[in-house]
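Let me begin by presenting the structure, written as structure tokens, before commenting on it.
Quick note: the coordinates plus some simple rules give every number you see, no bench work behind them. Predicted model only: the values in this text are computed from it and were never measured. Please note: Cβ atoms are built from the backbone with ideal geometry, for glycine as well, and neighbour counts cover all protein chains shown.
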Ligand code: HAM
């Protein structure tokens with residue numbers, strides 16, 4: 001038997017319903033925030049991720065799916081969405097558009113060759129936003145507010161926003177030097193990756209999963225002590241705006257993020273739910289004011305986030321938030337094989353009139369069809385038999401009230417509409 005690749009999963013049943021509901025909500029939320037949808041290719045030139053995500057990030061050094069296409073070009077399945085969206089922004093000269101800042105959102109699969117475990121997949125889905133063209137800290141706060149609002153709408157309670165500032169170039173340089181001095185005596189005791197990070201990007205030592213319990217990590221200098229006045233002011237304003245929105249957050253100097261492109265605000269939203277496990281970061285993001293130049297675009301600031309949908313599903317499940325498939329309005333039953341054509345045509349007419357409808361395709365007897373209608377959670381069962389065809393009517397059984405009615409063919413739509421309306425009024 002051929003099995004799915006390691007670290008991937010199939011979607012069907014309740015998970016499919018949940019995903020579609022989540023996708024629907026994303027669309028409504030992003031319309032409310034005034035963001036536009038953007039879609040970029042699943043594979044891009046490998047160079048984009050090397051230069052975009054960063055040569056020292058785990059994602060690029062260990063986790064990319066790289067391949068050569070038949071034209072001998074080096075390609076990579078996207079490990080995240082930001083680099084591709086930035087490439088598209090530059091390539092399509094979106095910086096020259098009248099409408100600014102450009103606010104975009106995306107949703108799609110990403111690929112990382114990670115060790116699969118709960119909350120960690122090799123094919124993962126992210127919902128994210130990227131905003132281009134403004135350094136204003138109000139946008140950092142807006143970007144943080146989106147996942148918080150989204151989780152609230154889904155009814156998720158156990159979330160915690162943690163954030164930090166990595167400052168501007170000058171602050172980062174001062175901090176980098178302080179880290180180099182501080183870690184110098186400890187380099188030999190660090191893991192092999194951290195030894196390389198010491199040379200290339202010492203900041204990344206702080207989010208090492210191997211060394212994080214070591215004593216020297218606890219006393220390392222903190223970024224927030226090295227912020228220059230401008231960076232401090234930016235971070236202060238982000239916090240002020242979040243307070244205005246009444247979004248609770250915690251400043252955590254250990255949030256440095258695993259990607260190299262960040263400046264100023266970085267944040268993560270954690271699942272604070274019992275039993276979640278260690279891969280509990282539901283969402284991460286921040287500001288990246290130099291990435292666009294780094295990828296050969298004009299100097300343009302950016303800020304964004306991406307959330308993992310698989311981890312969101314785990315969180316919803318743990319909090320007992322489930323999505324159920326909506327039932328059918330009408331399940332059509334031909335009383336005999338010879339009435340199948342009429343039943344098919346009626347089902348079609350119902351679908352075209354906007355009723356969620358299906359029919360029995362398998363010539364089952366009445367009893368098992370009533371069972372099927374129950375499995376499908378159908379509100380009405382429509383019977384089509386000899387008597388009905390001759391008399392140009394159908395028999396409609398209301399599965400809620402158990403009432404049976406004979407309805408003229410040309411009155412079916414009005415009849416169903418009325419019943420459904422009555423039912424909605426009743427529920428209100
Ligand atoms: P990231 O932190 O690498 O950031 O990923 C964002 C989210 O994707 C994580 O918080 C997590 O929920 C989910 N995720 C990451 N890897 C996996 C995995 N292997 N399995 C399941 N879920 C995973 C980014 O990707 C940045 N592009 C975010 C960003 C956008 N920054 C600015 N704009």
- Task: Quick one: compute the contact order of region 245-389, relative version, from alpha carbon pairs under 8 angstrom and 6+ residues apart, as a percent.
- Result: 18 percent
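For a quick protection proxy, order the peptides 97-103, 85-91 by their average other-Cβ count within 10 Å, most packed first.
Details: 97-103: 13.7, 85-91: 20.4.
So the peptides 97-103, 85-91, ranked by packing, come out 85-91, 97-103.
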- Determine the percent antiparallel among the DSSP beta bridges restricted to region 219-357, to the nearest 5. 90 percent
- Query: Once you wrap a convex hull around the alpha carbon atoms of region 137-176, what is its projected area averaged over all directions, in nm²?
  - Reply: 3.7 nm²
- Note on the structure: Expressed in angstrom, Rg and Dmax over the Cα atoms of the chain are 27.7, 94
- Query: When the chain is treated as a GNM, springs tying every alpha-carbon pair under 10 Å, which of 233, 215, 14 comes out with the largest mean-square fluctuation?
  - Reply: 215
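Let me know the Kirkwood hydrodynamic radius for region 272-428, please, with Cα pairs as the basis and the value in Å to one decimal. Let's see the in-between values first.
Values: mean 1/r = 0.0508 Å⁻¹.
Taking the inverse mean of 1/r over all distinct Cα pairs, region 272-428 comes out at 19.7 Å.
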- Can you tell me the 0 to 90 degree angle between the C-alpha axis of helix 412-427 and the longest principal axis of the chain, rounded to 10? 60 degrees
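Could you rank the peptides 411-424, 290-303, 218-231 by their average count of other C-beta atoms within 10 Å per residue, with the highest value first? Write out the running numbers ahead of the final one.
Numbers: 411-424: 14.3, 290-303: 18.5, 218-231: 16.0.
Result, highest mean Cβ count within 10 Å first: 290-303, 218-231, 411-424.
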- Task: Would you kindly state how much longer the chain becomes between residue 192 and residue 229 on full extension, computed as 0.36 nm times their sequence separation minus their alpha carbon distance, in nm to one decimal?
- Result: 9.8 nm
- Which peptide among 64-70, 370-376 comes first, and what is the full order, when sorted by highest mean count of other Cβ atoms within 10 Å? 370-376, 64-70
- Measuring from centroid to centroid over Cα atoms, what is the spacing of region 221-244 and region 370-398 in Å? 66 Å
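Kindly give the semi-axes, whole Å and largest first, of the ellipsoid equivalent to region 103-173, taking each as the square root of 5 times a Cα gyration tensor eigenvalue.
Details: eigenvalues 125, 72, 44 Å².
In descending order the semi-axes read 25, 19, 15 Å.
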- Note on the structure: Hits in region 378-398: amide N under 14 Å from the 7 Å Cα→Cβ extension of residue 418, namely 396
- Counting DSSP beta bridges with both partners in region 291-407, what percentage is antiparallel, nearest 5? 50 percent
- Query: Going by the alpha-carbon gyration tensor, a ≥ b ≥ c the square roots of its eigenvalues, is region 1-158 rounded (a/c under 1.5) or, if a/c is not under 1.5, prolate (a/b greater than b/c) versus oblate?
  - Reply: oblate
- Item | Whole-angstrom gap from region 132-188 to region 259-304, using each part's C-alpha centre | 7 Å
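Please state the shape class of region 1-46: rounded when a/c is under 1.5, otherwise prolate if a/b exceeds b/c and oblate if not, all from the C-alpha gyration tensor. Display every interim value, and only then the final one.
Details: a/c = 4.73, a/b = 1.36, b/c = 3.49.
Oblate is the answer for region 1-46, as a/c is 1.5 or above yet b/c matches or exceeds a/b.
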- So how long is each side of region 180-326 along the principal axes, counting just the alpha-carbon atoms, biggest first, in Å? 60, 38, 32
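Defining a contact as two alpha carbons under 8 Å apart and six or more residues distant in sequence, what relative contact order in percent does region 206-322 show?
Working: 121 pairs, mean separation 21.3, N = 117.
Once normalised by length, the contact order is 18 percent.
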- Note on the structure: Cα extents of region 273-356 per principal axis, largest first, Å, are 69, 42, 18
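Using the Cα gyration tensor of region 334-411, with a ≥ b ≥ c the square roots of its eigenvalues, what is the shape: rounded (a/c below 1.5), prolate (a/b larger than b/c) or oblate (neither)? The partial results should precede the final answer.
Details: a/c = 1.24, a/b = 1.11, b/c = 1.11.
Because its axes are fairly even, with a/c under 1.5, region 334-411 counts as rounded.
Can you say what percent of the DSSP beta bridges in the chain, counting only those with both residues inside, are antiparallel? Round to 5. Kindly include the intermediate steps, with their values, before the conclusion.
Working: 52 of 64 bridges.
Counting DSSP beta bridges with both partners in the chain, the antiparallel share is about 80 percent.
Counting alpha carbon pairs within less than 8 Å and at least 6 residues apart, what relative contact order, in whole percent, applies to region 262-316? Could the numbers behind the result be given before it?
Working: 87 pairs, mean separation 18.4, N = 55.
Once normalised by length, the contact order is 34 percent.
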- Item | Helical mean residue ellipticity (222 nm; -39500 (n - 2.57) per DSSP H run of 4+; nearest 500) of the chain | -11500 deg cm²/dmol
